[in-house]
Ligand SMILES: [Zn+2]
């Protein structure tokens, strides 16, 4: 039994035997993880900027 899914990294349609597969290939899986890490770092630096701004205002 295969499922037609959309890759979360490149947007391609692919078929997988696992219903909850997120990406079409290992390369896309790694790219998605790298992007998530970048997004997390961006979130943390935005948080640090906000914390610094709050400290300045207080
Ligand atoms: Zn893909």
statement: Computed, not fitted: 222 nm per-residue ellipticity of the chain from DSSP H runs ≥ 4 (each -39500 (n - 2.57)), nearest 500, equal to -20000 deg cm²/dmol
- prompt: Once you wrap a convex hull around the alpha carbon atoms of the chain, what is its projected area averaged over all directions, in nm²?
  reply: 4.8 nm²
- prompt: Of the residues 48, 39, 27, which exhibits the maximal mean-square fluctuation in a Gaussian network model of the chain defined by a 10 Å Cα contact cut-off?
  reply: 48
statement: Between the modelled labels at residue 53 and residue 26 (7 Å from Cα along Cα→Cβ) the distance in nm is 4.3 nm
- prompt: Using Cα atoms only, what is the angle between the long axis of helix 26-57 and the major principal axis of the chain, expressed in degrees (0 to 90) to the nearest 10?
  reply: 20 degrees
message: What distance in nm lies between label points placed 7 Å from Cα along the C-beta direction at residue 44 and residue 6?
response: 3.1 nm
- prompt: For the residues 20, 8, 3, what sequence is obtained by ranking on other C-beta atoms within 10 Å, fewest first?
  reply: 20, 3, 8
field: Ranking of 25, 45 by count of other Cβ atoms within 10 Å, fewest first
entry: 45, 25
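Readers should treat all values here as calculations from the given coordinates under stated rules, not as data from a laboratory. The model shown is predicted, which means the values in this text are computed figures rather than measured ones. Ideal geometry is used to build each Cβ from the backbone, glycine not excepted, and the neighbour counts take in all protein chains shown.
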